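One structure is given here, and the rest of the page talks about it.
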Amino acid sequence: MKTNSLGLDVKKTEILAAELNILLANFQVYYQNLRGLHWNIRGKRFFDLHVKFEELYNDSQLKIDLIAERILTLGGRPLHTFDDYIKNNKLFVGKDISNDEEAVGLIVNSLAQLLKIERVILKQSDEALDEGTNSMMSDFIKEQEKTIWMMKAWLEEEI
Ligand SMILES: [Fe+2]
């Protein structure tokens, strides 16, 4: 097995960096979905939701940077153009959403898609003994599952 200077399998690390780039692209679409919701939300719950969406996009911006820098740590190159993000996007793109329930529904939907990608990376990083990526994924997964619970509670829907 050929290893890199981190002591990780070269081939498996390349695959992980590529998968992390897909996560990065999808996170950027999630971020942009949240900005749209923050801007366009209307109605009696405006003040609560406007602030909540800002909190979420600030958090996702931090995660975007963590993903990109993990890719670099693994010897990869993070995608950074809108072009590449759209090409790799698996999320529903929310446009002109001003209804509060539709907005929260979009967040639940986006997070569910991100979780799918993260669980693939969780498994691959476990197999590659890449603890750094693995623990990052478990942190993201745990936080996003909690956010889904809260959003579902707000929607008065079952998990
Ligand atoms: Fe703002």
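The values are calculated or read from the model by the stated rules, or taken from the named source; none is laboratory data. Note that the structure is a prediction, hence the values are computed from the model and not measured. Using ideal geometry, Cβ is built from the backbone for each residue, glycine included, and neighbour counts are taken over all protein chains shown.
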(Q) When the residues of segment 37-96 are narrowed to those that are within 16 Å of the ligand (Cβ to nearest atom) and aromatic (Phe, Trp, Tyr), which ends up nearest to LEU114 (Cα to Cα)? (A) TYR57
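Within the bounds of segment 16-31, is there any residue that is in contact (Cβ under 8 Å) with a residue 12 or more places away in the chain, within 16 Å of the ligand (Cβ to nearest atom) and of a type in the set (A, V, I, L, M)?
No, segment 16-31 contains no residue that is in contact (Cβ under 8 Å) with a residue 12 or more places away in the chain, within 16 Å of the ligand (Cβ to nearest atom) and of a type in the set (A, V, I, L, M).
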Q.
Going residue by residue through segment 122-131, is there one that turns out to be exposed (fewer than 14 other Cβ atoms within 10 Å of the Cβ) and either of a type in the set (A, V, I, L, M, F, W, C) or within 17 Å of the chain's Cα centre (by Cα) (or both)?
A. yes
Q.
Kindly evaluate GLN124 against the criterion of being in a helix (DSSP H, G or I), in contact (Cβ under 8 Å) with a residue 60 or more places away in the chain and in contact with a helix residue (DSSP H, G or I) (Cβ under 7 Å, 6 or more places away or on another chain).
A. yes
Q: Only residues that are part of a helix (DSSP H, G or I), among the hydrophobic types (A, V, I, L, M, F, W, C) and over 17 Å from ASN26 (Cβ atoms): list them for segment 61-79, please.
A: LEU72
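Examine segment 104-111 for a residue that is part of a helix (DSSP H, G or I) and closer than 14 Å to GLU19 by Cβ, and state whether such a residue exists.
Taking every residue of segment 104-111 in turn, none turns out to be part of a helix (DSSP H, G or I) and closer than 14 Å to GLU19 by Cβ.
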Q. With respect to ASN58, is the statement that it is modelled with pLDDT of 95 or more, part of a helix (DSSP H, G or I) and under 21 Å from VAL108 (Cβ atoms) true?
A. yes
**Q.** Cross-chain or 6+ apart pairs with Cβ under 7 Å, segment 40-52 first and more than 12 Å from ILE97 (Cβ to Cβ), then part of a helix (DSSP H, G or I) and away from the ligand (no atom under 12 Å from the Cβ)
**A.** ARG45/ASP100
**Q.** LEU91 more than 28 Å from ASN4 (Cβ to Cβ), in contact (Cβ under 8 Å) with a residue 60 or more places away in the chain and under 14 Å from the mean Cα position of the chain (by Cα)
**A.** yes
